Amino acid sequence: MTYVLYNRSGSGGFAVEAAMALAGVPCRVEHLHSLPNEPLRDKIGHLNDWGQVPVLQLPDGSVMTELAAIMSHLTAEETGFRDGPHLWVDDQATFLRWSVFLCVNVYEGILRQTYPQRFCGLSGIAGEPQETGSDAWLLANISQAADERTHAALVSLDRATNQHEFLLGNQMSACDVILAMLYAWHNQRPDLKRFTWITSQVATHPIVRPVWKAHFDTRLDVKWHEL
C-alpha cells in the first residue's frame with residue numbers, strides 16, 4: 001500500500017503534496033471537492049473527526065493529521081526528504097523547531113486574519129459567519145491584530161535563519177515549502193525580500209510548478225509559479 005493524501009485545492013495540504021513530489025515519494029492524492037471555508041467533516045470525518053485536511057494515510061493503513069507532524073514523520077522516514085536531489089535536512093531538531101513554529105504561529109495567524117468570525121463566536125454550525133453590522137469593528141480588529149502578529153512571527157523567523165539562503169541552509173527543505181505557501185497567503189512584504197525569493201524558488205521549481213498552479217493559480221493575486 002502506498003501513501004494516500006486527502007486534500008482540498010488551495011489548502012495547507014499543498015505543502016505535503018509538493019514536498020512528496022520533490023522527494024520522489026509515491027503518493028495517491030484524493031482531492032476533496034469543496035469551496036474554501038466549506039466544512040469537510042462529512043467528507044473526511046471518518047479519517048479525521050476534526051474535519052480538516054491534510055490527512056495522510058500511511059502505507060500501513062494508519063492515519064496522520066497536522067501539517068507539521070506529517071512533514072516531520074516523512075522527513076524521518078523517507079530519505080528523499082532528508083538527502084534527496086531536491087530536498088535536504090541536516091539537523092532534524094532544527095527542522096522540527098521551524099516547521100512547528102510556522103504551523104503554530106504563522107499558519108494559525110493567517111487563519112485568524114482570514115476567518116476572524118471563527119475566533120469570536122460569530123460562526124454558525126455550518127461555518128458561515130453570523131455577524132451583523134455592529135460586529136464589523138470587532139472582526140476588523142481581530143483580522144488586523146492577526147496580520148500584525150503573523151508578520152512579527154515571520155520577521156522573527158527571518159532574523160533567526162538569515163545566515164542561510166533557505167531556512168535550514170543553502171538547500172531547499174520541506175520547511176521552505178511550508179514557508180512558501182504561508183508567505184504567499186500572507187502576501188509579499190518589502191521587509192522580507194529573502195522570503196519573497198524563497199517563495200519564488202519553491203513555486204517555480206519544475207516539479208512544484210504544476211502542483212502550485214493547480215492549487216493557487218486562481219486563488220492568489222500573485223502568480224508565483226510564473227515569476
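The values are calculated or read from the model by the stated rules, or taken from the named source; none is laboratory data. Quick caveat: nothing in here was measured; it's all calculated off a predicted structure. As a convention, Cβ positions derive from the backbone with ideal geometry for all residues, glycine included, and neighbour counts pool all protein chains shown.
Listing for the model above:
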read-out	value
Some residue of the range 172-188 being over 14 Å from the mean Cα position of the chain (by Cα) and under 21 Å from T79 (Cβ atoms)	yes
Subset tally (residues that are of a type outside the set (D, E, K, R), within 22 Å of W224 (Cα to Cα) and part of a helix (DSSP H, G or I)) for the range 154-171	3
The range 206-216, residues that are of a type outside the set (A, V, I, L, M, F, W, C) and surrounded by 15 or more Cβ atoms within 10 Å (Cβ to Cβ)	R209, K213, H215
Subset tally (residues that are of a type in the set (S, T, Y), assigned to a loop (DSSP other than H, G, I, E, B) and within 21 Å of L182 (Cα to Cα)) for the range 1-49	3
Subset of the range 138-194 that is hydroxyl-bearing (S, T, Y) and under 23 Å from V222 (Cα atoms) - its residue that is modelled with the lowest pLDDT	S143
Helices (runs of 4 or more DSSP H) within the range 172-218 that include 3 or more residues touching a Leu at 6+ places or on another chain (Cβ under 6 Å) and closer than 20 Å to G80 by Cα	174-186
Filtered residues of the range 20-50 (kept if touching a Gly at 6+ places or on another chain (Cβ under 9 Å), under 18 Å from M71 (Cβ atoms) and of a type in the set (G, A, S))	A23, G24
